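The values are calculated or read from the model by the stated rules, or taken from the named source; none is laboratory data. This one's a predicted model, so the numbers in the text were calculated from it and none came from an experiment. In this analysis, Cβ positions are derived from the backbone assuming ideal geometry, glycine residues included, and neighbour counts consider all displayed protein chains.
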Amino acid sequence: MFDKLPSITSFISRDRNIGRLLGVALFILIILSILNPGLFLTVSNFKSMAYQLPEFGLLAMAIMIALLTGGIDLSAVGIANLSGVLAALTMIRFIPQGAAGWQITLVIGAAVALGLVIGAICGAINGFLIGRIGIPAILATLGTMQLFTGISIIITKGYAVLGLPDAFLYFG
């Protein structure tokens with residue numbers, strides 16, 4: 001199986017831009033390592049990146065699916081924002097003071113499921129606008145991005161959502 005994979009050098013030689021991009025990335029890595037020797041290549045920096053990058057990676061994969069099919073999705077961040085806000089507010093509202101562990105787990109599970117359902121509904125709205133009505137993907141997702149982000153701002157009144165349960169913060 002692995003014998004059919006191209007070597008790195010043949011992959012880079014096929015497209016000169018890939019080699020240039022790798023060269024620029026290596027140059028930036030070297031410069032930042034020289035300029036910030038105690039900060040850039042440290043364990044704490046890699047831990048920080050490992051903690052922050054999964055969210056960006058999930059959103060990038062969602063957008064990648066749209067790009068691979070020849071479309072574009074500008075609303076992915078707005079959908080994630082709305083789903084996260086509603087899930088967080090559900091946790092805060094429905095976990096009573098002094099709740100047992102199983103109650104907290106049940107509400108967290110329901111809130112996460114609600115967030116996934118909201119995301120699916122928002123995606124279905126985009127799909128309907130693009131597939132059935134025929135609005136170009138860039139216009140439909142630009143509009144729904146504004147809509148979903150606006151709904152999130154209206155719900156939270158522009159403030160951060162605070163007070164999530166410790167059990168949820170442990171996982172995510």
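Results, tabulated for the structure shown:
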quantity: Condition met for residue 92 (surrounded by 11 or more Cβ atoms within 10 Å (Cβ to Cβ) and either within 25 Å of the chain's Cα centre (by Cα) or farther than 30 Å from residue 157 by Cβ (or both)); calculated: yes
quantity: Test: residue 134 is at pLDDT 95 or above and either touching a strand residue (DSSP E or B) at 6+ places or on another chain (Cβ under 6 Å) or crowded, with 17+ Cβ neighbours inside 10 Å (or both); calculated: no
quantity: Of all residues making up the range 85-94, the number that are within 11 Å of residue 112 (Cβ to Cβ) and free of Cβ contacts under 8 Å to residues at least 60 places away in the same chain; calculated: 2
quantity: Residue list for the range 24-48, restricted to those being in a helix (DSSP H, G or I), surrounded by fewer than 10 Cβ atoms within 10 Å (Cβ to Cβ) and not hydrophobic (A, V, I, L, M, F, W, C); calculated: 44
quantity: Number of positions in the range 1-54 that are of a type in the set (S, T, N, Q), farther than 30 Å from residue 171 by Cα and modelled with pLDDT of 80 or more; calculated: 3
quantity: Looking only at the range 95-105, and only at residues there that are free of Cβ contacts under 8 Å to residues at least 24 places away in the same chain and of a type outside the set (Phe, Trp, Tyr), the one that is surrounded by the fewest Cβ atoms within 10 Å (Cβ to Cβ); calculated: 97
quantity: Pairs where the first residue, in the range 41-68, is farther than 23 Å from residue 122 by Cβ and the second is surrounded by 12 or more Cβ atoms within 10 Å (Cβ to Cβ), C-beta under 8 Å, 6+ apart; calculated: 41/33
quantity: Residue tally, condition basic (Lys, Arg) and within 19 Å of the chain's Cα centre (by Cα), over the range 143-169; calculated: 0
quantity: Of all residues making up the range 68-86, the number that are surrounded by 11 or more Cβ atoms within 10 Å (Cβ to Cβ) and outside any loop (DSSP other than H, G, I, E, B); calculated: 11
